[in-house]
């Protein structure tokens, strides 16, 4: 009987270290998978891995419009919008750019021939508006932020 008890205790001891080793191996495998996803995601430019991408848009103010038609701009939530605004008007016509919504930036006055850069990282999906506060109704466009 003593031999049976000892054999049972030894078998139980063998299971404990073996079980711990399996748990450690599972954690190591999970860590390798996560690290691989991060490396591949960063290389592929996946926004959910690297915190969004930078979308650069050029807006040229000329003829009291941006880019001739005040085009809709589109980004995804979490993307950083880099807006390069150039005033190509004849002398004397000044502009600015305002993006409505939470955290929307506002440029300084942009004189003819000058360029300013605004950056904006929308935190919420929805429709924002961009405009020139000096020429309301003429220089208005939409910024669409997709989820």
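The values are calculated or read from the model by the stated rules, or taken from the named source; none is laboratory data. Just so you know, these numbers come straight off a predicted model, no measurement behind them. Backbone-built Cβ (ideal geometry, glycine too); neighbour counts: all protein chains shown.
Screening 103, 113 for residues that are at pLDDT 95 or above, in a loop (DSSP other than H, G, I, E, B), in contact with a strand residue (DSSP E or B) (Cβ under 8 Å, 6 or more places away or on another chain) and on the phi > 0 side of the Ramachandran plot leaves exactly one candidate, 113.
Taken together, the criteria place residue 137 among residues that are surrounded by fewer than 13 Cβ atoms within 10 Å (Cβ to Cβ), in a loop (DSSP other than H, G, I, E, B) and at pLDDT below 95.
Could you check the range 57-91 and list, in sequence order, the residues that are under 21 Å from residue 109 (Cα atoms) and surrounded by 20 or more Cβ atoms within 10 Å (Cβ to Cβ)? If the condition is that a residue be under 21 Å from residue 109 (Cα atoms) and surrounded by 20 or more Cβ atoms within 10 Å (Cβ to Cβ), then 59, 61, 66, 81, 83, 85, 87 are the ones that fit.
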